[in-house]
Amino acid sequence: GIFVHPVKSLRSISLQESTLDRKGLQDDRRFMVVYELPLPVYRTKWEKGDTTHRFLTQRQCPSLATISATIEVNTTTRVLVLEQKGKKLEIPIGK
């Protein structure tokens, strides 16, 4: 089978087939979970070009593996659907 992760570090989904696009397998690792870094005490603001966020991995947070991510397509838009323990979050992501 083919396994893709619509969101990096979340649970993978198994596919029978997939499509290749210019970025690789369609919908594979197009999103990631990030967190904002705290402003260092010696700074008063972020400067242009500063790294202000970091991505989160399963090594840092193993419970990410319990969240499923799928992409649903309807006639007008695509929706990223995140699910964990019966709770669901739907995020429109465009066409």
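Most simply put, the chain has about 90% antiparallel DSSP beta bridges, counting only bridges with both residues inside it. Taking 0.36 nm per residue of sequence separation and removing the Cα-Cα distance, the SER18/ARG43 pair yields an extension gain of 4.3 nm.
Residue ranges 74-83, 41-50, 8-17 sort as 8-17, 74-83, 41-50 when ordered by packing (mean number of other C-beta atoms within 10 Å per residue, highest first). Entry note, the range 1-69: relative contact order of 38 percent, from Cα contacts under 8 Å with a spacing of 6+ residues. When a/c is below 1.5 the answer is rounded, else prolate if a/b is larger than b/c, else oblate, so apply that to the range 31-81 with a ≥ b ≥ c taken from the square roots of the Cα gyration tensor eigenvalues. Here the range 31-81 falls in the oblate category. Of the accessible area of the range 50-95, computed with a 1.4 Å probe over protein heavy atoms only, carbon and sulfur atoms account for 54 percent.
The candidate values are (1) 36; (2) 45; (3) 40; the one derived from this structure for percent of Cα pairs over 21 Å apart carries the label (2). Averaged over residues, the count of other Cβ atoms within 10 Å places the peptides 24-35, 53-64 in the sequence 24-35, 53-64, highest first.
The values are calculated or read from the model by the stated rules, or taken from the named source; none is laboratory data. For clarity, every value in this text was computed on a predicted model and none was experimentally measured. Positions of Cβ are backbone-derived with ideal geometry, glycine not excepted, and every protein chain shown enters the neighbour counts. These area figures cover heavy atoms from the full protein model, side chains too; ligands, DNA and RNA do not enter into them. Shrake-Rupley method; radii C 1.70, N 1.55, O 1.52, S 1.80 Å.
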